[in-house]
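Novice: Below is one structure. I have some questions about it.
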Amino acid sequence: MTLPPGECGGLDFSQLTKRASDEGLAVRGGFHPQSDDLRTLLPHFPSAETVVLLGLTGSDQWRRFESSRELLDGLPDPLDRWSRRIIGGLAREFDGRDFYPTGTPAISFQRLATRCEPVHSSPIGILIHPRWGLWHAYRGALVFERRLELPPPEAKPSPCVSCASRPCLDACPVSAFTPHGFDSERCIRHVESEAGVECRERGCLARRACPVAPDAQYLPAQSRFHMAAFLRAAGDRR
């Protein structure tokens with residue numbers, strides 16, 4: 001159900017959250033940009049008053065995507081195409097503009113995320129969420145030239161602070177997470193090899209070793225999809 005013509009100006013955050021959920025995406029929070037944000041983070045949107053982030057949480061939205069025409073048509077980049085169809089539709093419905101982690105304009109979604117919800121950098125580089133752990137993703141964002149009333153921002157510490165053992169760093173069979181950063185080539189060689197079938201079929205062992213939010217871990221088909229996409233992207237960069 002869409003809003004009647006002319007009512008977009010009365011949009012509130014709860015309406016947007018419900019519509020996104022109806023379409024198969026989660027609203028991941030929002031913020032009101034300040035002048036520094038407009039200059040450094042959102043230079044392409046100088047009149048932005050509200051930014052809302054959308055994405056995936058655990059496997060909650062996976063089955064909606066799994067039955068989508070984009071996944072079933074066999075064409076490249078189904079998740080990107082699905083995300084753009086859904087988020088672009090919401091932008092048109094609510095008189096906003098949409099943008100994405102890939103393509104132009106190039107905007108740091110990790111920086112956006114830290115403004116929208118209590119996420120923190122993890123030892124393996126992925127943003128960790130206190131509820132979703134490492135099992136979440138950002139698919140796009142909406143920007144509005146009007147101010148939406150947003151829920152108060154949460155301030156929660158990183159779950160990694162109280163994790164003394166940090167099993168994520170020891171779980172990688174080829175020690176791809178080094179003091180100098182992520183060795184992607186070492187990871188790719190392993191995942192593509194016969195020895196990498198566990199990572200290839202069920203997802204990154206380091207990610208799965210994280211003790212936060214085990215109930216939110218991706219479904220096997222979801223993990224295979226993302227790992228295959230990771231390997232294709234790596235092949236394109238070579």
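No value in this document is a laboratory result; all are computed from the given coordinates. Computed from a predicted model, the values in this text were never measured in an experiment. Virtual Cβ from ideal backbone geometry, glycine too; neighbours counted across all protein chains shown.
Novice: From the phi of every residue in the range 132-143, what ³J(HN,Hα) in whole Hz does the Karplus formula 6.51 cos²θ - 1.76 cosθ + 1.60 yield, where θ is phi - 60° and glycine or proline is x?
Specialist: 9, x, 9, 9, 7, 7, 10, 10, x, 8, 10, 10
Novice: Now for a different question. Test of the criteria: in the range 33-74, which GluC sites (Glu not before Pro) are in a DSSP loop and have at most 14 other Cβ atoms within 10 angstrom of their Cβ?
Specialist: Numbers: sites: GLU49, GLU66, GLU70; in loops: GLU49.
Answer by residue number: GLU49.
Novice: Here is a further query. Using only alpha carbon pairs under 8 Å that are at least six residues apart, calculate the relative contact order of the chain and give it in whole percent.
Specialist: Numbers: 330 pairs, mean separation 50.1, N = 238.
After rounding, I find 21 percent.
Novice: Enter the angle in degrees (range 0 to 90, nearest 10) between the Cα long axis of helix 13-23 and the first principal axis of the Cα atoms of the chain, meaning the one along which they spread out most.
Specialist: Around 60 degrees separate the two axes.
Novice: Continuing with the same structure: Applying 1/(1 + (r/R0)^6) with R0 = 41 Å to the Cβ-Cβ distance of SER193 and ASP77, what FRET efficiency is obtained, to the nearest 0.05? Don't jump to the answer; show the numbers that get you there.
Specialist: Working: r = 26 Å, r/R0 = 0.63.
Using R0 = 41 Å, I get an efficiency of 0.95.
Novice: If you plug each phi of the range 216-230 into the Karplus form 6.51 cos²θ - 1.76 cosθ + 1.60 with θ = phi - 60°, what whole-Hz ³J(HN,Hα) values come out, in order, with x for Gly and Pro?
Specialist: 3J(HN,Hα) across the range 216-230, in whole Hz: 9, 4, 5, 5, x, 5, 5, 4, 4, 4, 5, 5, 4, 5, 4.
Novice: Now for a separate question. Quick one: Cα centre-to-centre distance for the range 162-238 and the range 14-76, in angstrom?
Specialist: Computed from Cα coordinates, the inter-centre distance equals 25 Å.
Novice: When the dipole is taken about the Cα centre of the chain, and only Lys, Arg (+1) and Asp, Glu (-1) are charged at their Cβ, what size is it in debye, to the nearest 20?
Specialist: Details: 30 positive and 29 negative charges, 67 e Å.
Dipole size: approximately 320 debye.
Novice: Trypsin sites (Lys or Arg not before Pro) within the range 49-158: which are DSSP loop residues with at most 10 other Cβ atoms inside 10 Å? It would help to have the intermediate numbers written out before the result.
Specialist: On the way: sites: ARG63, ARG64, ARG69, ARG81, ARG84, ARG85, ARG92, ARG97, ARG111, ARG115, ARG131, ARG139, ARG146, ARG147; in loops: ARG131, ARG146, ARG147.
Listed in order of number, the matching sites are ARG147.
Novice: From the alpha carbon gyration tensor of the range 176-238, can you work out the equivalent ellipsoid semi-axes (sqrt of 5 times each eigenvalue) and give them in Å, largest to smallest? All intermediate terms of the calculation are to be shown ahead of the outcome.
Specialist: Numbers: eigenvalues 77, 48, 22 Å².
Largest first, the range 176-238 gives 20, 15, 11 Å.
Novice: Okay, moving on. Can you check how the C-alpha radius of gyration of the chain compares to 2.2 N^0.38 Å, as a plain ratio?
Specialist: Values: Rg = 18.6 Å, N = 238, 2.2 N^0.38 = 17.6 Å.
So the Cα radius of gyration is 1.06 times the expected 2.2 N^0.38 Å.
Novice: If you don't mind, there's one more thing I want to ask. Can you give the calculated 222 nm mean residue ellipticity of the chain, where each DSSP H run of n ≥ 4 adds -39,500 (n - 2.57) and the sum is split over every residue, rounded to the nearest 500 deg cm²/dmol?
Specialist: Numbers: 11 runs with 93 residues, N = 238.
Per the formula, -10500 deg cm²/dmol.
Novice: 5 Å is the cut-off here: which amide hydrogens, built 1.01 Å from N in the peptide plane, fall below it relative to GLY140, excluding neighbours closer than 5 in sequence?
Specialist: Amide H neighbours of GLY140: LEU54.
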